[in-house]
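Below: one structure, written as structure tokens.
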Amino acid sequence: MTDVVEIPIQAAAADLVPGYAHPGDAGADLRSTETVELAPGERALVGTGIAIALPEGYAAFVVPRSGLAAKHGITVVNAPGTVDAGYRGEIKVTLLNTDRERSFRVEPGDRIAQVIVMPVSRAEFVPVAELPESARGTGGFGSTGVSD
């Protein structure tokens, strides 16, 4: 059993309150409050009609819906979008149509993204002259190759 965190929410309509599609799902669906036509390669900031009050020590992360990505090429530009505990404004989603040929229409009530609420740690950054060694070292993007 996972812990349940109560999140105060203001929603423009009751059907906009995020919900989980299945027991055990990590992400709750966010819905659009507006009609948006995304041409190929176009992005748009889409309202969800909700604002939340996260407790200190938590953040919410807005992530793409896998079905929209796989079937229509719709993703979230800044995934994951971070909602900090102190933010009280409307959660909006920057959608991007990656399909090269087809437009995608978003209607009010459409599920456009998911929100994941997680505990987060605060870091204390401590300047040092050298970092400790690791197996990876300074190997960065692509350093492990494509196959073994």
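The values are calculated or read from the model by the stated rules, or taken from the named source; none is laboratory data. The structure presented is a predicted model; accordingly, all values stated were derived computationally and were not measured. For neighbour counting, all protein chains shown are included, and Cβ atoms are generated from backbone atoms with ideal geometry for every residue, glycine included.
Structure notes:
- Qualifying residue in the range 1-22 (condition: assigned to a strand (DSSP E or B), within 14 Å of the chain's Cα centre (by Cα) and of a type outside the set (S, T, N, Q)): no
- Breaking point among (1) in contact (Cβ under 8 Å) with a residue 12 or more places away in the chain; (2) out of contact with any Phe, Trp or Tyr (no Cβ under 8 Å at 6 or more places or on another chain), for Pro119: (2)
- Any hit, the range 28-39, residues being under 13 Å from the mean Cα position of the chain (by Cα) and assigned to a loop (DSSP other than H, G, I, E, B): no
Per-residue answers, yes or no, for (1) surrounded by 13 or more Cβ atoms within 10 Å (Cβ to Cβ); (2) touching a residue at least 24 places away in the same chain (Cβ under 8 Å); (3) of a type in the set (Ser, Thr, Tyr):
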| residue | (1), (2), (3) |
| --- | --- |
| Gly47 | yes, yes, no |
| Phe61 | yes, yes, no |
| Arg65 | yes, yes, no |
| Thr82 | no, no, yes |
| Gly89 | no, yes, no |
| Lys92 | yes, yes, no |
| Gln114 | yes, yes, no |
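- In summary, His72 fulfils each of the numbered conditions (1) farther than 30 Å from Val5 by Cβ; (2) touching a residue at least 40 places away in the same chain (Cβ under 8 Å) with the single exception of condition (2).
- Flag for Leu54 being surrounded by 12 or more Cβ atoms within 10 Å (Cβ to Cβ), in a loop (DSSP other than H, G, I, E, B), at pLDDT 95 or above and not charged (D, E, K, R): yes
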